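*Asks:* Dropping the structure in here first, questions after.
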């Protein structure tokens, strides 16, 4: 396999006989299915704010359960499947000793899909636990933990065993997988099981930021540092700047949880420490952004040759925006305004889908010709999908952010709760409209992928006949 030629399309024989490409294709398919299902659940949930929820009175599809199914599927279904797809693609190129073991790796694949499916059904059946991103029913936690251990041994340990010098991209992938695994154990066996109730709340509060900001973000940046220079045909501007960002995040992001305890029962010196911590975290984000600009330059004609660059650049843009938000959100003054408001919902959507969702789409557009054995049927269609998705996400994020600011301002002057709900209705309508635009763009991209895949399969069958 030639993974270093960004323009190369795999032959049909390679695509359907190579175990690595077969496994990567399976993860992409399940990630795509999880994404479109999660987006659908999120859209239906948004209708509750417009008093138009279609499943009112059906306990299995009650709005609160659908909301938890939405977040769980987005992270554990969509995000993690695309992470394993990217890991399968990158590992043979970073660690030459690593080989796909189709029996073991297929067993892990099916075990993970079964765990996600049963978890979602358990959540809809009322068995969710109160841990954001990890709402899986408690009885499933040991099963998922065993799968995580096997994943770590397959996709993280090889970096330690390799004799080949590793670039910063592989270090990010290894660190991210390790941190995701540790966060899962901390959430499900720390706050969820060993210390239930109030004692475990500190654990649970950290999960959202640690899993996303340290685990998923590290992995996403690792993929970015690999694929972005590959598409441009030139090396990353500065490996030192990349390593600086890596260590700033590694050393300071674990303390990011302090920002969740603003105006809480912690000493003020402890709360004040978070300002220095988040400045260091912010510098890490700025280092990624600067490296991107200096690597890319101002030659936008490169996007015409590689449309997936649009998604990688969009992901970095949202990474920078949400990084700036994080620093501002750490101050007590901002927390008084935005806490418990829709601003937080805006931030979480933009940070998860705007960053890793865009990276995942960039990965999808890059590797599809290599894993299905045929070029995209209509490459220009992917650009139209990008326009729909980015317009939908910006509109959704801005409408929720404005709603949050108005809600917070109203609460500060003791406006009654019902009054703030009435004011928010127009913003919630905009959120649903822009959400529909986003879903339309994403669904169109996934349908394009499926039709390209179907075309390649039919062509392969004819060649073998």
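Every number in this text was worked out from the coordinates using simple rules, so none of it is lab data. Treat the numbers as computed from the prediction; the structure is a model and nothing was measured. Note: ideal-geometry Cβ built from the backbone for every residue, glycine included; neighbour counts use all protein chains shown.
*Asks:* Obtain the nm distance between the two label points defined at residue 423 and residue 409 by a simple spin-label model: each point lies 7 Å from its Cα along the Cα-to-C-beta direction.
*Replies:* 0.7 nm
*Asks:* Assuming 0.36 nm per residue, please report the length gained on full extension of the stretch residue 280 to residue 145 beyond their Cα-Cα distance.
*Replies:* Values: separation 135, 0.36 × 135 = 48.60 nm, distance 3.20 nm.
45.4 nm is the gain from fully extending residue 280 to residue 145.
*Asks:* Work out Dmax and Rg for segment 275-416 from the C-alpha atoms and quote the Rg first, both in angstrom.
*Replies:* Expressed in Å, the Cα Rg and Dmax of segment 275-416 come to 18.2, 61.
*Asks:* Moving on to the next point. If I model a spin label as a point 7 Å beyond the Cα along the Cα-Cβ vector, how far apart are those points for residue 13 and residue 334 in nm?
*Replies:* My value for the distance between the label points is 5.7 nm.
*Asks:* Fewest to most neighbouring Cβ within 10 Å: what's the order for 141, 18? It would help to have the intermediate numbers written out before the result.
*Replies:* Numbers: 141 22, 18 19.
The order, fewest Cβ neighbours first, is 18, 141.
*Asks:* Still on this model: Return the whole-Å distance between the Cα centroid of segment 23-40 and the Cα centroid of segment 302-319.
*Replies:* So the two Cα centres are separated by 21 Å.
*Asks:* A further question follows. Quick one: order 214, 249 by neighbouring beta-carbon count within 10 Å, fewest to most.
*Replies:* 214, 249
*Asks:* Arranged from highest to lowest average of other beta-carbon atoms within 10 Å per residue, in what order do the peptides 174-187, 416-429 appear?
*Replies:* Values: 174-187: 21.6, 416-429: 13.8.
My ranking of the peptides, most packed first, is 174-187, 416-429.
*Asks:* How far apart, in nm, are the 7 Å Cα→Cβ label points at residue 293 and residue 59?
*Replies:* My value for the distance between the label points is 5.6 nm.
*Asks:* What FRET efficiency would be calculated for the residue pair residue 464, residue 444, taking the C-beta separation as r and a Förster radius of 35 Å, to the nearest 0.05? Kindly include the intermediate steps, with their values, before the conclusion.
*Replies:* Values: r = 31 Å, r/R0 = 0.88.
Here the calculated transfer efficiency is 0.70.
*Asks:* Please list the three semi-axes, largest first and in whole Å, of the ellipsoid equivalent to the chain, using sqrt of 5 times the eigenvalues of its alpha carbon gyration tensor.
*Replies:* On the way: eigenvalues 235, 130, 112 Å².
Three semi-axes, in Å: 34, 25, 24.
*Asks:* Something else now. Which order results if 65, 234 are arranged by neighbouring Cβ count within 10 Å, fewest first?
*Replies:* Fewest-to-most ranking of 65, 234: 234, 65.
*Asks:* Give the relative contact order (percent, whole number) for the chain; include only Cα pairs under 8 Å separated by 6+ residues. Show your work: numbers first, answer last.
*Replies:* Working: 619 pairs, mean separation 77.7, N = 465.
Worked out over the chain, it gives 17 percent.
*Asks:* What does the helix-only formula give at 222 nm for the chain: each DSSP H stretch with n ≥ 4 adding -39500 (n - 2.57), the total divided by the residues, and the result rounded to the nearest 500 deg cm²/dmol?
*Replies:* On the way: 19 runs with 329 residues, N = 465.
Calculated mean residue ellipticity at 222 nm is -24000 deg cm²/dmol.
*Asks:* Using alpha-carbon positions, what is the distance between the centroids of segment 283-300 and segment 362-411, in Å?
*Replies:* What the calculation gives is 21 Å, centre to centre.
*Asks:* Translational diffusion coefficient, Stokes-Einstein: compute it for segment 413-465 using the Kirkwood radius over C-alpha pairs as Rh, at 10 °C and 1.306 mPa s, and state it as an integer in µm² s⁻¹. If you can, show how the numbers build up before the last one.
*Replies:* On the way: Rh = 14.9 Å.
Result for D is 107 µm²/s.
*Asks:* Okay, next question. Scaled to the compact-protein estimate 2.2 N^0.38 Å, what is the alpha-carbon radius of gyration of segment 17-106, rounded to two decimal places?
*Replies:* On the way: Rg = 17.7 Å, N = 90, 2.2 N^0.38 = 12.2 Å.
So segment 17-106 has a normalised radius of gyration of 1.46.
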